[in-house]
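Single-structure report; data block below.
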């Protein structure tokens, strides 16, 4: 199934978004949120079912993304959001 980009998505994280984040230690992450069948063989794609994708959906630039990990809470900050057109 192909999901087309819609202008209402601009500036927010939804399905198909490329997301760049940074944490408090300046570690960086970059990934695209895709369907679970699309992640195989791609290290830069994450499934919509993943905890990180769930935490990012509907967030905007500079928003904080908090993950509850076994080791404790991990904070990330969205530095870029874009869609391949």
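May I ask you to verify whether residue 68 is assigned to a strand (DSSP E or B) and loosely packed, with under 11 Cβ neighbours inside 10 Å?
Taking the combined requirement at face value, the residue satisfies it.
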Residue 11, sole failed condition from (1) more than 24 Å from residue 62 (Cα to Cα); (2) at pLDDT below 90; (3) touching a strand residue (DSSP E or B) at 6+ places or on another chain (Cβ under 8 Å): (1)
Residues that are closer than 16 Å to residue 82 by Cβ and over 12 Å from the mean Cα position of the chain (by Cα), drawn from segment 29-72: 62
Flagged in segment 11-50 as out of contact with any helix residue (DSSP H, G or I) (no Cβ under 7 Å at 6 or more places or on another chain), under 18 Å from residue 64 (Cα atoms), in a strand (DSSP E or B) and free of Cβ contacts under 8 Å to residues at least 60 places away in the same chain, in numbering order, are 21, 22, 23, 28, 29, 30, 31, 32
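The values are calculated or read from the model by the stated rules, or taken from the named source; none is laboratory data. Just so you know, these numbers come straight off a predicted model, no measurement behind them. Quick reminder, even Gly has a Cβ in these numbers, built from the backbone with ideal geometry, and neighbours come from all protein chains shown.
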